[in-house]
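Visitor: Below you'll find the structure I mean.
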Amino acid sequence: MNPDGLYVHFSCACLQVVEYRGSYKIGTASESVNAAYIFSRKDLSLPAIQIPCASKAAVAVRSSYALGSSYDTSEKEITRGITIMKSIIRDRDKAVTYNVNWNADNQLIGSNAAKLASYIGTLVRMHIPITATRWSNKELGSAKDKIWTEILRSFNIEDTTIRKKYILQLAGKRHRGWRTFLTNKYLKDKEKFFVEYDPEYPVKYAIFITEEEWVAFVAQRRDENFKKVSATNRERASNPTYAYKKGRLGYARLEEKILDETKSDATSLPPHVLWKEARVGKDGTVRDDVQHIYDECETLSQSISTAEDQENRSVLSRALNVPEYPGRVRGKGHGCTPTSLYKNPRRRNPSNQEVMETLQALQAQVLQLQKDNERYRCMEKCSSQLKETSEKDSINCQNKFPEGISSCQLYLSSPTYRLVGKGKVHNTSGDLLHHRPLPDGHLKVSVDVVLDKDALLPIPDIVSETTLLRDAIGSFVAWPLDLIFIDDETPTKPASKDKGILRHNESVASQKEVFAQGSQQLSQKIGSQQKNKRDLPVTSLPKKGAFVPRYQISLETLVDSSDMATAGAIRLLDMEEDIFGYSCTETIGKEDLEHIFRHQELGVGVIHTYIRFLYDNFMRGNDQLSNRFRFVSSSLVNKALICREPDSCREYLVKRFMASSTNNLYLWPYNSGCHWLLLAIDPLKEVVYFLNSIDGEWTNYPDMKQLVDTSIKVFRSQRQARVPRTKSSNITWIKVQCPLQRNGIDCGYFVMRFMREIINMNQIEIPITYFDEYKCAHYTRLQLEQIKEELCQYFIEKRLISI
């Protein structure tokens, strides 16, 4: 022996080697070691090892060891030594591993479950300092990984996220229990009150705790805030109403025991059954209050569905009249979550980041609404006071409105009197709404355009469960008589006895014959109109030297002279599969044509007809253009459908993208409910060009953006594309500085011209500042009239309107 320490001669087989926080500590295999001594692996090969003495510890050695000199190693016997799971360490060195089992709720069961739980406690005491107050602290990440690695070395567990999460959560419980044990044993007296004197250093656990850690731990526990929390928890746990009586067995192993004893084929038991069994004492008796709770659970389980049980509170929580804590299931024990029990995750609360993103999106929408209100204020045409409604008739044909179908403006009087949309009023005797009589004082209205995105329906639609006006676009609703105003234009004429013919069913020969007859009558019609200027279309009296919309004048004359002048007459335009990826038929009514003639807001029928014009005149027969540009149907993907059926919208977009073999640019006219804008999507490069004629941002349309981003990511996954990590979650959105409109009407016309210019330039990439050939601040009325002329010429050439 020398002043620096003891020289101990021993055989390596006599000592226990324990890995501790990156180093190795040594002690005898059969005796308790009250001090830890650091050495390296290579030192094990030496015949003798120098083991320095600790200040508050001594080494317990076998009497057969040869010491350099006499040394008193006597110490008071300890009833139970520290738990270090030596058998697992020995088996690990022999490459022996243990199997563990899991139940249907992903909880640890089986003969080795208790051994693994104890070993987790040992690893926690070795690798996690007692000063760690929060298990979620990121600084503990490396130590947690070390624990998980050590467990995988000795136990056959799948290296998956769900298993690792379960084990580390159990390790967190062991760490809290370890800190609580030290507090109760060394910092409190027999009455469980904190002692006033300085507690002695626990020499027995010196292998796990340094003196510096102990001092810091004592200071933490003597904090006044901690003492208050400790007193509250002690009071709450001192006298439980329904005491748990199964010790360390736990709910999972209790369930396993019951299923084994009863030889049941079931994989799990209801929570309230386990809860009752966990409160049965050794004598097998069940207290009356416990039985009462169990009986009440049995009664409730017959009347509450599983979905309701999941969404609100479980049957057991209802019977106990206590709140249900998130992420756990009462009566099932550690590791059982609503996800594993109900096979369907509970709705989680949004994170702070998600709340802030939602708040920013709402703020952007409010700003956009303010701009929209200013833009549409000039469009509001309402009388200073409401006209009194005349006595209601027993039938739904009102004298105030022309009989038949008429374009109209829709108003609401609450909270302010304002114009909220446009549509068509159907004033027909005995008309029904969804097979039900209309309410008194109301008429059936079809909604075409929404000007107030937050406007509510006067009477909610109970069939489709629609309450917002924007969700009723394209459908029929009931509207109060005194809030419907006919447009200044001449309304649709009353229905004649002869029904309109769907011209798409006629033969080509008959269409040509009718068109020839119409050509003879056209000049006669124009001549009669010049005699009566009151019936003359607005566009048919151009000023000297002004642009003459000849095709618009001709088409308007044809419409007035054909069956399209009658109420409900329509034309059907076949859309080939190559246009939208599926075959469909587009419906065109007189109201759609009137919108073109009067330069009003456009509906989806007109936009799709112009797409058909672009396809026929630019892309058909041109392989380069037809392979480069494609279209997305606004009927299948729009604001209303994105809100109601987002999955079907995403599936359509992904299927559309999958049809491309090379770089394609998909042109999608998007209707937000009261505004048209254009998206040009390159799914392979994951670039989205945003063309908005009112200078709005894509953040104003969060539902649309989320749909596009999700669809591109699904498309990326299905084609198994490799994307750099820096871009894996980023899809490039580019706001193009396109021409801007100066009113609240032209958005549809701008979108049509955008598509024409993009296809005409034959470029996949759209410059941020738009094409130099078409760059301007605003489109002139002449530029928009040219688009309308092309469209009207297409109607005439396709013989869609004939006399």
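The values are calculated or read from the model by the stated rules, or taken from the named source; none is laboratory data. Just so it is clear, the structure is predicted and the values come from calculations on it, not from any experiment. Neighbour counts are summed over all protein chains in view; Cβ atoms, including those assigned to glycine, are modelled from backbone coordinates with ideal geometry. We work out accessible area using only protein heavy atoms, side chains counted, and drop any ligands, DNA or RNA first. Shrake-Rupley method; radii C 1.70, N 1.55, O 1.52, S 1.80 Å.
Visitor: Provide a single number: the residues in segment 620-631 that are in contact with a Leu (Cβ under 7 Å, 6 or more places away or on another chain) and surrounded by fewer than 21 Cβ atoms within 10 Å (Cβ to Cβ).
Guide: Looking only at that region, the number is 1.
Visitor: Could you grab the pairs with beta carbons closer than 6 Å, sequence gap of 6+ or different chains, first residue in segment 209-237 and within 15 Å of residue 132 (Cβ to Cβ), second one among the hydroxyl-bearing types (Ser, Thr, Tyr) and open to solvent by less than 70 Å² (accessible area, probe 1.4 Å)?
Guide: Matching pairs, first to second residue: 213/131; 214/201; 216/131; 217/131; 221/183.
Visitor: Just the residues that are among the basic types (Lys, Arg) and assigned to a helix (DSSP H, G or I), please, taken from segment 90-114. Can you show your working first?
Guide: Initially, segment 90-114 is screened for residues among the basic types (Lys, Arg), giving 90, 92, 94.
Hits for segment 90-114 are 90, 92.
Visitor: Pick out the one residue from 691, 800 that is surrounded by 16 or more Cβ atoms within 10 Å (Cβ to Cβ), touching a strand residue (DSSP E or B) at 6+ places or on another chain (Cβ under 6 Å) and more than 29 Å from residue 554 (Cα to Cα).
Guide: None of the others qualify; the one that does is 691.
Visitor: Among the residues of segment 556-590, what is the count of those that are at positive phi and either crowded, with 21+ Cβ neighbours inside 10 Å or within 40 Å of the chain's Cα centre (by Cα) (or both)? Show your work before the answer.
Guide: Pass one, segment 556-590, residues at positive phi: 568, 581.
Add one more test, that the residue is either crowded, with 21+ Cβ neighbours inside 10 Å or within 40 Å of the chain's Cα centre (by Cα) (or both), and what stays is 581.
Residues in segment 556-590 being at positive phi and either crowded, with 21+ Cβ neighbours inside 10 Å or within 40 Å of the chain's Cα centre (by Cα) (or both): 1 in total.
Visitor: Scan 102, 135 and give me the residue that is under 20 Å from residue 257 (Cα atoms), within 35 Å of the chain's Cα centre (by Cα) and open to solvent by 30 Å² or more (accessible area, probe 1.4 Å). Talk me through it step by step, then tell me what you get.
Guide: Details: 135 fails: under 20 Å from residue 257 (Cα atoms).
On inspection, the qualifying residue turns out to be 102.
For (1) open to solvent by less than 20 Å² (accessible area, probe 1.4 Å); (2) in contact with a strand residue (DSSP E or B) (Cβ under 8 Å, 6 or more places away or on another chain); (3) of a type in the set (S, T, N, Q); (4) modelled with pLDDT of 80 or more, each residue gets a yes or a no:
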residue	(1), (2), (3), (4)
385	no, no, yes, no
388	no, no, no, no
406	yes, yes, yes, yes
413	no, no, yes, no
416	no, no, yes, no
422	no, yes, no, yes
426	no, yes, no, yes
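Visitor: Here's another thing I want to ask about it. Would you confirm, using the coordinates I've provided, whether residue 660 is crowded, with 18+ Cβ neighbours inside 10 Å, more than 24 Å from residue 365 (Cα to Cα) and modelled with pLDDT under 90?
Guide: Values: crowded, with 18+ Cβ neighbours inside 10 Å: yes; more than 24 Å from residue 365 (Cα to Cα): yes; modelled with pLDDT under 90: yes.
Judged against the criteria, residue 660 is a match.
Visitor: Then there's this: In contact (Cβ under 8 Å) with a residue 24 or more places away in the chain, touching a Leu at 6+ places or on another chain (Cβ under 8 Å) and hydroxyl-bearing (Ser, Thr, Tyr), is that true of residue 251? Write out each step before concluding.
Guide: Values: in contact (Cβ under 8 Å) with a residue 24 or more places away in the chain: yes; touching a Leu at 6+ places or on another chain (Cβ under 8 Å): yes; hydroxyl-bearing (Ser, Thr, Tyr): yes.
It is true that residue 251 is in contact (Cβ under 8 Å) with a residue 24 or more places away in the chain, touching a Leu at 6+ places or on another chain (Cβ under 8 Å) and hydroxyl-bearing (Ser, Thr, Tyr).
Okay, residues lined up against (1) over 30 Å from residue 221 (Cα atoms); (2) of a type in the set (Lys, Arg); (3) open to solvent by less than 50 Å² (accessible area, probe 1.4 Å); (4) at pLDDT 85 or above:
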| position | (1), (2), (3), (4) |
| --- | --- |
| 90 | yes, yes, no, yes |
| 97 | yes, no, no, yes |
| 125 | no, yes, yes, yes |
| 140 | no, no, yes, yes |
| 145 | no, no, no, yes |
| 148 | no, no, yes, yes |
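Visitor: Can you pull out the helices (runs of 4 or more DSSP H) entirely within segment 693-803 that have at least 2 residues that are free of Cβ contacts under 8 Å to residues at least 40 places away in the same chain and over 24 Å from the mean Cα position of the chain (by Cα)? Walk me through how you get there before you give the answer.
Guide: Details: elements: 702-718, 747-761, 781-797.
Correct list: 747-761, 781-797.
So that you can scan it fast, the table gives a plain yes or no per residue for (1) open to solvent by less than 30 Å² (accessible area, probe 1.4 Å); (2) over 50 Å from the mean Cα position of the chain (by Cα); (3) of a type in the set (Gly, Ala, Ser):
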residue: 195; (1), (2), (3): yes, yes, no
residue: 198; (1), (2), (3): no, yes, no
residue: 203; (1), (2), (3): no, yes, no
residue: 206; (1), (2), (3): yes, yes, yes
residue: 215; (1), (2), (3): no, no, no
residue: 225; (1), (2), (3): no, no, no
residue: 229; (1), (2), (3): no, no, no
residue: 235; (1), (2), (3): no, no, no
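Visitor: Among what's in segment 194-230 and is part of a loop (DSSP other than H, G, I, E, B) and among the aliphatic types (A, V, I, L, M), pick the residue that is nearest to residue 279 (Cα to Cα). Spell out how you get there, then give the answer.
Guide: At the first step, the residues of segment 194-230 found to be part of a loop (DSSP other than H, G, I, E, B) are 195-202, 206-210, 222-223.
Now drop any that are not among the aliphatic types (A, V, I, L, M), which leaves 195, 206-207, 209.
Working: 195: 34, 206: 38, 207: 38, 209: 37 Å.
Going through the qualifying residues, I end up with 195.
Visitor: Scan segment 182-193 and tell me whether some residue there is open to solvent by less than 40 Å² (accessible area, probe 1.4 Å) and outside any helix (DSSP H, G or I).
Guide: Within segment 182-193, one or more residues are open to solvent by less than 40 Å² (accessible area, probe 1.4 Å) and outside any helix (DSSP H, G or I).
Visitor: When only residues in segment 429-450 that are part of a loop (DSSP other than H, G, I, E, B) and closer than 14 Å to residue 478 by Cβ count, which is most open to solvent (accessible area, probe 1.4 Å)? Walk me through how you get there before you give the answer.
Guide: Narrowing segment 429-450 to residues part of a loop (DSSP other than H, G, I, E, B): 429-431, 434-435, 438-441.
Subsequent filtering for residues that are closer than 14 Å to residue 478 by Cβ retains 431, 434-435, 438-441.
Numbers: 431: 28, 434: 73, 435: 175, 438: 14, 439: 50, 440: 122, 441: 14 Å².
Among those that are part of a loop (DSSP other than H, G, I, E, B) and closer than 14 Å to residue 478 by Cβ, it is 435.
Visitor: Answer yes or no as to whether residue 648 is modelled with pLDDT of 85 or more, of a type outside the set (Asp, Glu), open to solvent by 30 Å² or more (accessible area, probe 1.4 Å) and closer than 12 Å to residue 668 by Cβ.
Guide: Working: modelled with pLDDT of 85 or more: yes; of a type outside the set (Asp, Glu): yes; open to solvent by 30 Å² or more (accessible area, probe 1.4 Å): yes; closer than 12 Å to residue 668 by Cβ: no.
For residue 648, the condition - modelled with pLDDT of 85 or more, of a type outside the set (Asp, Glu), open to solvent by 30 Å² or more (accessible area, probe 1.4 Å) and closer than 12 Å to residue 668 by Cβ - is not met.
Visitor: Right, another one. Scanning segment 159-181 for residues that are over 35 Å from the mean Cα position of the chain (by Cα) and among the aromatic types (Phe, Trp, Tyr), which turns out most open to solvent (accessible area, probe 1.4 Å)?
Guide: Looking at the filtered set, the residue picked out is 181.
Visitor: If you don't mind, another one. How many residues does segment 312-352 hold that are modelled with pLDDT under 75, charged (D, E, K, R) and touching a helix residue (DSSP H, G or I) at 6+ places or on another chain (Cβ under 6 Å)?
Guide: Qualifying residue count for the region: 2.
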